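J.: Mind looking over this structure? Questions follow.
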Amino acid sequence: MKNASPQQRILLGAFILIIGVLSLVDNLNIFNTRSLLQFWPTVFIVLGALKIVQAKNNSGYLIGGTLITAGIVMTLNRLGFISFNMRDFWPVFLIIGGLLIIFKDRIKNTREMTDSNVLSSLGSDSKIDVVAVMSGNQGKISSPDFRGGEITAIMGGVELDLRAASIETEAVLNVFAVWGGIVLKVPNDWTIINNGIAIMGGIDDKSVPAMNSGKRLIITGYAIMGGVEIKN
């Protein structure tokens, strides 16, 4: 992984260390670590907490809250405190899918009108909020004063072209890729500062370093079993 931060190495090392310790105590019959598998839905709680901590808008809080709720419900169900059978509620996904198909064009047209108005009116305050959940999202930003924002990709992909945008001094872009991918295309005169944390994933900066570091794009957030690629 290129330009890995110390936080990434520490977190990855700690994860490997924990797996090694649990495997050792299980092999020595000190503790049956397989009994911990019933708590696997707590992964969603952890992911939701990470998303809420780094969220800066309503969509981030909504996604984080949804992940936490799903993790709590599944954990309580596996422990026998509640009775919840996913097979009874699978038609809900069909209902949501049908609504998305019906209103897709209307939402897309509204978003395009809103984005164009925002970029033309905000000027120096333009920020983005891109979400892709089990889907793909492509976009192009041409703001004269890009300030960053937030990108979320959960079991989906986001491709964002920033080559027509400009930064006055510094912009912070918060990424959250879980079982998904994010691709960022940046101008040649931007310097990338990678402060993100990758867990069983990667944040790969393939951009050529700029001669002048006056324009800096700071990457924060997480790539968990997913990837973030930055190139120019």
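We did not get these values from a lab; they are worked out from the coordinates using the rules stated. For clarity, every value in this text was computed on a predicted model and none was experimentally measured. Don't worry about glycine lacking a Cβ; one is built from the backbone with ideal geometry, like all the others, and counts go over all protein chains shown.
J.: Provide, for q = 0.18 Å⁻¹, the log10 of I(q)/I(0) from a solvent-free Debye sum over equal Cα point scatterers in the range 147-232.
T.: With one equal scatterer per Cα and no solvent, log10 I(q)/I(0) is -0.67.
J.: What's the extension gain from S83 to M200 if we count 0.36 nm per residue and subtract their Cα-Cα distance?
T.: Details: separation 117, 0.36 × 117 = 42.12 nm, distance 3.27 nm.
Stretched fully, the S83-M200 segment lengthens by 38.8 nm.
J.: Taking amide H atoms as placed 1.01 Å from N in the peptide plane, list the residues 5 or more away in sequence, or in a different chain, whose amide H sits under 5 Å from that of Y222.
T.: V175, F176, A177, I197
J.: Taking θ as phi - 60°, what are the ³J(HN,Hα) couplings along the range 134-142 by the Karplus curve (6.51, -1.76, 1.60), each to the nearest whole Hz, with x for Gly and Pro?
T.: 6, 7, x, 9, 10, x, 9, 10, 10
J.: Name the long-range amide H neighbours of I167: under 5 Å, sequence gap of 5 or more, or other chain; modelled H, no Pro or chain starts.
T.: So I167 has HN proximity to F146.
J.: Sequence-distant or interchain residues sharing an amide H contact under 5 Å with E229, placed H: which?
T.: Long-range HN contacts for E229: I182, V183, L184, D204.
J.: So which GluC sites (Glu not before Pro) in the range 121-172 are both in a DSSP loop and have at most 14 other Cβ atoms within 10 Å of their Cβ? Provide the component values of the computation, followed by the final result.
T.: Numbers: sites: E150, E159, E168, E170; in loops: E168.
Of the GluC sites (Glu not before Pro), the ones in loops of the range 121-172 whose Cβ has at most 14 other Cβ atoms within 10 Å are E168.
J.: Sticking with this structure for a sec: Starting at the first residue of the range 176-181, write each ³J(HN,Hα) from the Karplus equation 6.51 cos²θ - 1.76 cosθ + 1.60 with θ = phi - 60°, in whole Hz, x for Gly and Pro.
T.: In residue order, the calculated couplings are 8, 10, 10, 6, x, x Hz.
J.: Grab the beta carbon distance between N212 and K56, set R0 = 35 Å, and tell me the FRET efficiency rounded to 0.05. Write down the numbers at each step before the final one.
T.: Values: r = 28 Å, r/R0 = 0.81.
Step by step, r from the Cβ atoms, then E = 0.80.
J.: Please list 3J(HN,Hα) in residue order for the range 209-225, calculated via the Karplus relation 6.51 cos²θ - 1.76 cosθ + 1.60 where θ = phi - 60°; whole Hz, with x for glycine and proline.
T.: Each residue's phi maps through the Karplus curve to give x, 6, 5, 10, 8, x, 10, 10, 10, 9, 9, 10, x, 9, 10, 10, 6 Hz.
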